[in-house]
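Derivation of every value follows stated rules applied to the coordinates shown; laboratory data play no part. Keep in mind that this is a model prediction, so the values were computed, not measured. Neighbour counts run over all protein chains shown; Cβ positions are idealised from the backbone, glycine included.
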Amino acid sequence: MLNDAGSVELLTWIWTGIAVATAAVLLRVAAPYGRHARTGWGSAIPGALGWIVMECPSPVLMIVFFATGNRTADPAARLFLALWVGHYVYRSFIFPWLGRGRKAAMPLGIVASAILFNTVNATLNGRWLFAVGPERGGAWLSDPRCLAGLVVFAAGFAIHVRADAALRALRRPGDGGYAIPRGGLFELVSCPNYLGEVVEWTGFAILTWSPTGLSFAVWTAANLVPRAIAHHRWYRERFAGYPPVRRAIVPWLL
């Protein structure tokens with residue numbers, strides 16, 4: 001089914017349509033973990049373990065698809081792999097380790113849905129980038145799309161990591177309370193960590209110039225924009241005098 005470009009592209013557009021439908025649902029009902037946790041999603045496991053279990057399929061699968069594909073000597077394919085795995089090493093292992101002891105338990109239903117999400121995205125991107133899509137070659141590394149996308153990806157990753165660090169600094173280990181984050185992009189939006197991820201994967205879509213990269217960027221926005229709106233609403237309800245200039249995820253707009 002995934003042995004030719006046409007099949008992968010068709011499945012990618014179907015998957016992208018599901019992202020749009022998912023965003024519509026998440027705008028009405030926040031995913032039940034973290035500050036929006038609620039019962040009914042099965043037994044729970046420690047939050048840090050949940051992050052590792054649900055995120056690690058993505059880098060593992062991409063490495064497998066790269067190793068078994070026909071692009072192992074392609075410099076562009078190596079760049080795509082390095083960026084993907086670099087993000088997920090941070091997301092799967094460094095991020096939960098740094099926040100150990102601070103994360104609430106995660107429902108198994110959420111973990112299972114995230115495993116499915118990561119498996120599908122890694123499979124589509126891995127097959128397209130390392131087997132059936134156009135082989136970019138070394139010349140792609142100097143293409144304006146690759147260079148622009150790399151800058152956008154790096155900027156998004158930096159925003160994401162810096163915002164995560166600022167949120168960790170708000171609470172001491174074992175402290176389950178919340179406070180208003182301050183400084184940097186937090187002065188403009190409630191969730192610069194989510195903004196960073198959306199920017200990051202938009203950069204990846206540009207630098208790969210692929211339907212699968214675009215689909216993943218759409219999925220990232222579909223998951224994180226509604227969650228940022230829910231966080232923003234939660235902050236305003238919980239904290240009197242929450243800075244009125246702040247938006248949820250896009251400065252001055254949303």
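Quick look at the values:
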read-out: From the coordinates shown, P(r) over Cα pairs in 5 Å bins from 0, in percent corresponds to which of (i) 1, 6, 11, 13, 13, 11, 10, 9, 8, 7, 5, 3, 2, 1, 0, 0, 0; (ii) 1, 6, 12, 17, 20, 17, 12, 8, 5, 2, 0, 0; (iii) 1, 6, 12, 15, 16, 15, 12, 8, 5, 3, 2, 2, 1, 1, 0, 0, 0; value: (ii)
read-out: Per-pair calculated FRET efficiency, R0 = 25 Å: residue 113 and residue 254 via Cβ, rounded to 0.05; value: 0.50
read-out: Positive-end extreme of charge dipole, the chain - chosen from 211, 67, 188 (charges on Cβ); value: 188
read-out: Derived scalar couplings ³J(HN,Hα) [region 249-254; Karplus, 6.51 cos²θ - 1.76 cosθ + 1.60; whole Hz; x for Gly, Pro]; value: 8, 10, x, 6, 10, 9
read-out: Candidates 192, 244, 181: whichever shows maximal mean-square fluctuation once the chain is modelled as a Gaussian network with Cα springs under 10 Å; value: 244
read-out: Rounded to 10°, Cα long-axis angle of helix 75-89 versus longest principal axis of the chain; value: 20 degrees
read-out: Sequence-distant residues sharing a close amide H with residue 105 (under 5 Å, placed H); value: 47
read-out: Under 5 Å, built H, 5+ apart or other chain: amide partners of residue 247; value: 189, 190, 252
read-out: Amide H contacts of residue 44 (H built 1.01 Å from N, under 5 Å, at least 5 apart or other chain); value: 108
read-out: Cβ-derived FRET efficiency at R0 35 Å, residue 179 paired with residue 89, nearest 0.05; value: 0.75
read-out: Cα-centre dipole for region 83-174 with unit charges at Cβ (Lys and Arg positive, Asp and Glu negative), debye to 20; value: 540 debye
read-out: Size of electric dipole in region 107-254: Cβ of Lys, Arg +1 and of Asp, Glu -1, about Cα centre, debye, nearest 20; value: 440 debye
read-out: Counted charge near residue 242, where neighbours are those whose Cβ lies closer than 14 Å (Asp, Glu -1; Lys, Arg +1); value: +4
read-out: The chain: angle of helix 192-208 to the longest principal axis, Cα-based, in degrees nearest 10; value: 10 degrees
read-out: The chain: relative contact order as a whole-number percent, Cα under 8 Å and 6+ apart; value: 25 percent
read-out: Net length gained if the chain between residue 45 and residue 18 were fully extended (0.36 nm per residue, minus Cα distance); value: 7.0 nm
read-out: Integer Hz, Karplus 6.51/-1.76/1.60 couplings in order for region 151-163, x for Gly and Pro; value: 5, 5, 4, 4, 5, x, 5, 5, 4, 4, 5, 5, 5
read-out: Value of [θ]222 nm, deg cm²/dmol, for the chain, DSSP H segments ≥ 4, -39500 (n - 2.57) each, nearest 500; value: -20000 deg cm²/dmol
read-out: Selection from 89, 244, 19, by position along the positive dipole direction of the chain (Cβ); value: 244
read-out: Test item: Cα-centred dipole of region 5-238, Lys/Arg +1 and Asp/Glu -1 on Cβ, debye; value: 840 debye
read-out: Angle in degrees between helix 211-238 and the longest Cα principal axis of the chain, rounded to the nearest 10; value: 0 degrees
read-out: Gain in span if fully extended, residue 151 to residue 236, counting 0.36 nm per residue against the direct Cα distance; value: 27.3 nm
